[in-house]
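The values are calculated or read from the model by the stated rules, or taken from the named source; none is laboratory data. Fair warning: this is a prediction, and the values are worked out from it, not measured in the lab. With ideal geometry, Cβ positions are generated from the backbone for all residues, glycine too; neighbour counts draw on all protein chains shown. Heads up: the accessible areas ignore ligands, DNA and RNA and are worked out on the full protein's heavy atoms, side chains in. Shrake-Rupley method; radii C 1.70, N 1.55, O 1.52, S 1.80 Å.
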Amino acid sequence: MKKKIITALTAVMIIASSAVPTMANTVGYNFTFYSPEGFVSSNSGTKNDTEQRYYLTINSSSIYSNNVFGTRIRRAADNATMSNYVKHTSQETSRSYAYTKSAKKSTLYYMGGKKDDCSTSSSQLNVIGRVTY
């Protein structure tokens with residue numbers, strides 16, 4: 001009887017450990033731009049799933065129609081472009097985007113951001129949020 005209980009508990013532990021979902025890697029960012037010159041990069045994060053979408057969240061910003069935030073995802077190993085360049089003209093709280101190239105699990109990616117060239121405001125642009133690869 002004791003052997004059956006130990007075998008059953010072992011089986012339950014094996015099943016439970018294999019059913020643990022893989023969580024996507026989320027990286028925070030805090031960007032400040034004074035002009036449209038140059039990109040700033042977030043920290044790199046490893047993609048932990050096979051979903052071909054990334055999620056961008058903007059928690060706080062000075063984005064508006066004349067102070068535009070532009071982003072794109074790149075592969076850290078070779079700086080390859082992995083997504084289209086996206087312009088943000090409003091403070092959307094969260095949105096998903098498709099990768100334009102196959103994003104592989106266990107690969108490092110980062111988000112590049114900038115004050116877009118179409119910004120006509122001379123005000124600094126602050127953007128705080130997170131990106132999930």
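Values for this structure:
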read-out	value
Some residue of the stretch 4-24 being open to solvent by 80 Å² or more (accessible area, probe 1.4 Å), charged (D, E, K, R), modelled with pLDDT under 95 and not in a strand (DSSP E or B)	yes
Subset tally (residues that are of a type in the set (G, A, S) and in a loop (DSSP other than H, G, I, E, B)) for the stretch 33-66	6
Residues (open to solvent by 50 Å² or more (accessible area, probe 1.4 Å) and in a loop (DSSP other than H, G, I, E, B)) located in the stretch 73-101	A77, D78, N79, N84, Y85, T89, S90, Q91, E92, T93, T100, K101
Residues located in the stretch 53-65, provided they are polar (S, T, N, Q) and either open to solvent by less than 70 Å² (accessible area, probe 1.4 Å) or within 9 Å of the chain's Cα centre (by Cα) (or both)	T57, S60, S61, S62
Options G70, G45, G38; residue that is more than 18 Å from N25 (Cβ to Cβ) and surrounded by 14 or more Cβ atoms within 10 Å (Cβ to Cβ)	G70
In the stretch 102-133, the residues that are in contact with a Pro (Cβ under 6 Å, 6 or more places away or on another chain) and either surrounded by fewer than 23 Cβ atoms within 10 Å (Cβ to Cβ) or of a type in the set (D, E) (or both)	D117
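Residue-wise test of (1) at pLDDT below 95; (2) of a type in the set (D, E); (3) under 14 Å from the mean Cα position of the chain (by Cα).
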{"position": "F69", "(1), (2), (3)": "no, no, no"}
{"position": "R74", "(1), (2), (3)": "no, no, yes"}
{"position": "N79", "(1), (2), (3)": "no, no, no"}
{"position": "S83", "(1), (2), (3)": "no, no, yes"}
{"position": "V86", "(1), (2), (3)": "no, no, yes"}
{"position": "S90", "(1), (2), (3)": "yes, no, no"}
{"position": "R95", "(1), (2), (3)": "yes, no, yes"}
{"position": "Y99", "(1), (2), (3)": "no, no, yes"}
